[in-house]
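The values are calculated or read from the model by the stated rules, or taken from the named source; none is laboratory data. Owing to the predicted nature of the structure, the values given are computational and were not obtained by experimental measurement. A quick note on method: Cβ atoms are made from the backbone with ideal geometry, for glycine too, and the neighbour counts reach across all protein chains shown.
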There are 2 protein chains.
Amino acid sequence: MPDPLALPATGAWRPGDEPGHRQFFTFATDRRFALDSGTALSDVVVAYETWGRLDADASNAVLLCHAWTGDSHASGPAGRGHDTPGWWDDTVGPGKPIDTDKYFVVCANVLGGCQGSTGPASPHPDDGEPYGSRFPVVTIRDMVRAQARMMEHLGISRWMSVIGGSMGGMQALEWAVMYPRRVRSLIAIATCMQATAQQIAWGAIGRRAIGLDPKWRSGDYYDASPGDGPTEGLAIARMVAQVTFRSDNVFTDRFGRELADKATVGDTLGMWQRFEVERYLEYHGKKIATRFDANSYLSIGKAMDLHDVARGRGSLERAMARVTAPTLAVGIWSDMLYPAYQQRQIADILQARDVPVEYVEIDSPHGHDAFLINSDQLAEPIEQVLSTAAKSML
Amino acid sequence: MPDPLALPATGAWRPGDEPGHRQFFTFATDRRFALDSGTALSDVVVAYETWGRLDADASNAVLLCHAWTGDSHASGPAGRGHDTPGWWDDTVGPGKPIDTDKYFVVCANVLGGCQGSTGPASPHPDDGEPYGSRFPVVTIRDMVRAQARMMEHLGISRWMSVIGGSMGGMQALEWAVMYPRRVRSLIAIATCMQATAQQIAWGAIGRRAIGLDPKWRSGDYYDASPGDGPTEGLAIARMVAQVTFRSDNVFTDRFGRELADKATVGDTLGMWQRFEVERYLEYHGKKIATRFDANSYLSIGKAMDLHDVARGRGSLERAMARVTAPTLAVGIWSDMLYPAYQQRQIADILQARDVPVEYVEIDSPHGHDAFLINSDQLAEPIEQVLSTAAKSML
């Protein structure tokens with residue numbers, strides 16, 4: 001068994017990394033946890049963080065769902081195991097829009113992830129070796145089912161609100177479809193009811209890039225030296241994503257046609273001389289490999305491609321007919337990855353069934369990542385949803 | 001020296017492939033051909049095709065400039081060395097909008113290409129071995145300078161029109177800037193005056209993917225068995241491009257969330273089970289490797305990233321001030337790669353200097369490739385430009 005405290009081949013959390021705040025819940029110790037793929041997992045760990053205090057009647061709980069390479073650290077400073085502050089630190093905290101003085105806020109690392117929850121880098125219960133290529137395909141619904149087990153563990157029977165952006169929004173939608181009586185309000189941001197062909201295309205390219213990396217070794221690279229896993233394939237996959245997370249206009253404003261390393265290389269014309277935008281993409285590509293596991297990137301990416309609330313439910317309309325939670329759907333006009341029409345579709349399909357729904361558009365040129373960058377624009381709409389939901393919980 | 005008739009490691013034209021129509025012009029046999037990068041080439045070959053007859057006063061010549069993986073075969077059926085009909089077969093031919101009964105039409109394979117003109121797969125004059133990693137970076141301006149030599153060889157002193165889409169439009173713009181007295185009209189389609197950061201980003205990702213392929217071997221793979229070159233890296237690079245060439249809407253209409261190979265694999269959830277859109281992208285990825293050389297893909301891609309009519313000319317305005325040719329700028333509303341604002345910028349900058357200019361937008365959901373798919377919408381505007389230019393040549 002590899003040293004659990006050793007740095008992994010590509011970035012993944014290891015026991016000992018926890019900054020104290022992170023908690024762990026293990027289930028499926030007796031009975032296996034069935035997955036959509038027809039397989040099952042044992043000894044499933046959900047790593048999660050909480051902020052605020054749960055009311056005596058457990059009526060003030062809010063679930064946050066994270067995006068692709070996010071984790072449970074939605075709020076709070078950087079620290080051991082988290083090289084950056086919480087991904088929604090401006091939005092979640094005392095006196096902030098998701099006010100932890102009022103609400104008990106929970107965020108769990110998704111199944112398939114690499115920040116404490118069971119994923120491909122986790123030890124297989126049979127032999128203690130990392131799952132690697134043995135890790136089964138998981139779906140957004142599997143992630144939500146694991147969160148539902150955590151919910152029961154926490155003694156919560158209804159979420160005041162389930163909130164998420166991007167893949168977090170996929171989970172939030174599935175929560176409202178799978179467990180309508182457990183969700184009192186829904187905030188779905190920059191997300192979709194089903195992944196489109198173009199979204200799948202971007203995902204497929206990333207998969208191929210990781211698969212091309214000789215160091216990926218079909219997913220069984222965990223015995224590699226630290227940093228000697230499929231870092232280049234993962235970097236390319238991330239570069240594709242990073243372009244789709246941002247926008248043409250902002251890239252032009254920020255990078256234009258500037259050359260990188262100009263001081264050292266001059267401005268001769270070389271095949272591998274980088275433009276500034278390439279340096280930026282490479283930076284993000286390298287960074288992801290230090291903090292995220294390539295197999296988790298594949299696992300979660302595939303879950304997003306498989307995301308389809310209609311799967312096995314007849315149609316989008318029939319699936320969404322299960323949703324009763326008042327809903328805030330949020331789009332971003334500059335989002336090229338999850339274009340705003342997809343969130344308007346969510347609003348339209350609910351409105352047609354008289355579910356209370358509001359559509360709000362973030363006015364930002366930053367593209368998909370505006371749900372992180374310009375979350376200030378969501379302060380008022382989120383506060384409204386939460387205060388209305390709080391009243392309805394009384 | 002490798003057998004010139006053997007199939008290359010990735011697709012490139014070899015002597016013997018020519019369908020009869022293709023012609024060759026060699027220059028820089030005495031004096032080297034200087035490149036923007038500060039290096040130079042000897043014995044440069046330009047492969048080109050022509051249609052129609054040149055007038056006695058050489059006043060009816062039209063130059064077509066091809067895009068990334070295009071070649072000189074703009075018109076005519078598939079044949080040896082061309083596995084598809086001409087890339088603008090609907091637009092170029094007898095009685096067609098670019099009427100070869102009236103005009104003498106020329107299309108040259110670009111410098112750096114792999115369809116007969118000098119490129120990385122060509123024999124280095126020093127040793128007869130392929131250039132491979134020795135091939136220098138070329139620019140759009142270098143491509144145009146090589147075409148100018150071909151023009152002189154053909155006895156043409158002015159083009160009635162220079163026409164191109166995508167990278168072809170970059171060449172057309174540089175023609176009008178570099179040789180204003182040789183260009184009587186300009187048609188620039190789905191192109192730009194300078195590559196943006198986002199365009200460079202897509203190019204950079206493709207470069208990295210080819211570079212990651214162990215079979216690329218820093219560009220010196222020409223001794224590999226047929227098809228055993230960096231086909232997978234090239235495929236990934238092409239997959240990125242293919243998504244940017246098309247559109248979200250059309251991908252949804254055409255592929256939706258259909259699974260490929262459904263009959264054989266069922267609809268279980270597997271990591272490498274393909275959606276139909278993935279099958280489509282892989283098809284295009286594999287196909288490019290049979291007909292195009294990976295090093296040429298890199299070479300031409302870099303030339304596009306380096307494309308900037310302002311480079312060394314002070315500013316876009318000062319560069320474009322050299323253009324005197326009446327211009328038709330064509331955009332496509334659904335083009336995510338070269339968005340329509342870029343062609344409106346071309347029109348605006350010329351209009352500000354009172355150069356006769358018209359902006360036309362192709363109304364198509366097909367994205368960038370609409371300049372090929374919906375070229376019928378350009379029939380009338382092109383005919384107008386050509387008939388006006390023909391009169392001005394009298």
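Annotation note: of A:Asp348, A:Asp376, the sole residue that is touching a residue at least 60 places away in the same chain (Cβ under 8 Å), surrounded by fewer than 24 Cβ atoms within 10 Å (Cβ to Cβ) and assigned to a helix (DSSP H, G or I) is A:Asp376. With respect to (1) in a helix (DSSP H, G or I); (2) facing another protein chain (nearest Cβ under 9 Å); (3) surrounded by fewer than 22 Cβ atoms within 10 Å (Cβ to Cβ); (4) touching a residue at least 12 places away in the same chain (Cβ under 8 Å), the lone exception for B:Lys286 is condition (2).
Only one of these is in the same structural domain as B:Ala47 (by TED's automatic domain parsing), of a type in the set (Lys, Arg) and in contact with a Phe, Trp or Tyr (Cβ under 8 Å, 6 or more places away or on another chain): B:Arg158, B:Arg141, B:Arg134, B:Arg149. Name it. Only one candidate qualifies: B:Arg149. Residue count for segment B:74-101 under the criterion of being hydroxyl-bearing (Ser, Thr, Tyr) and exposed (fewer than 15 other Cβ atoms within 10 Å of the Cβ): the result is 1.
Just one of the listed residues (A:Ala329, A:Ala260) is within 25 Å of A:Ser364 (Cβ to Cβ), in contact with a helix residue (DSSP H, G or I) (Cβ under 6 Å, 6 or more places away or on another chain) and either among the small types (Gly, Ala, Ser) or in contact (Cβ under 8 Å) with a residue 40 or more places away in the chain (or both), and it is A:Ala329. Just for segment B:247-274: of the residues that are facing another protein chain (nearest Cβ under 8 Å) and of a type in the set (D, E, K, R), which one is surrounded by the fewest Cβ atoms within 10 Å (Cβ to Cβ)? The residue in question is B:Arg254.
You will find that of B:Gly86, B:Gly79, B:Gly11, B:Gly16, the residue that is closer than 22 Å to B:Gln242 by Cβ and either out of contact with any Asp or Glu (no Cβ under 7 Å at 6 or more places or on another chain) or at pLDDT 95 or above (or both) is B:Gly86 and no other. Do we find that B:Pro356 is touching a residue at least 12 places away in the same chain (Cβ under 8 Å), more than 14 Å from chain A (Cβ to nearest Cβ) and surrounded by fewer than 16 Cβ atoms within 10 Å (Cβ to Cβ) in this structure? Yes.
Taken over segment A:299-332, the criterion of being part of a loop (DSSP other than H, G, I, E, B) and either closer than 30 Å to A:Arg208 by Cβ or touching a Cys at 6+ places or on another chain (Cβ under 6 Å) (or both) is satisfied by A:His307, A:Val309, A:Ala310, A:Arg311, A:Gly312. Remark: pairs (first residue in segment A:88-101, part of a loop (DSSP other than H, G, I, E, B); second residue of a type in the set (Val, Ile, Thr); Cβ separation under 6 Å; 6+ apart in sequence or on different chains) = A:Thr91/A:Ile98; A:Pro94/A:Thr100; A:Pro97/A:Thr91; A:Pro97/A:Ile382.
Scoring B:Pro226 on the criteria (1) on the phi < 0 side of the Ramachandran plot; (2) buried (at least 24 other Cβ atoms within 10 Å of the Cβ) leaves a single failure, condition (2).
Among the residues of segment B:102-118, those identified as touching a strand residue (DSSP E or B) at 6+ places or on another chain (Cβ under 9 Å) and part of a loop (DSSP other than H, G, I, E, B) are B:Tyr103, B:Asn109, B:Val110, B:Leu111, B:Gly113, B:Gln115, B:Gly116, B:Ser117, B:Thr118. Go through (1) in the same structural domain as A:Val385 (by TED's automatic domain parsing); (2) in contact with a Pro (Cβ under 9 Å, 6 or more places away or on another chain) one by one and return the number of the condition A:Ser166 breaks. Result: A:Ser166 passes all but (2).
Looking across segment A:59-98 at every residue that is more than 13 Å from the chain's Cα centre (by Cα) and of a type in the set (Asp, Glu), the one that is farthest from A:Tyr48 (Cα to Cα) is identified as A:Asp90.
Of everything listed in (1) assigned to a helix (DSSP H, G or I); (2) without any contact (Cβ under 8 Å) to a residue 40 or more places away in the chain; (3) more than 7 Å from chain B (Cβ to nearest Cβ); (4) surrounded by 16 or more Cβ atoms within 10 Å (Cβ to Cβ), the single unmet condition for A:Val277 is (3). Going by what's in this entry, would B:Arg53 be described as over 21 Å from B:Met160 (Cβ atoms), out of contact with any Gly (no Cβ under 6 Å at 6 or more places or on another chain) and of a type in the set (Lys, Arg)? Criteria not met by B:Arg53.
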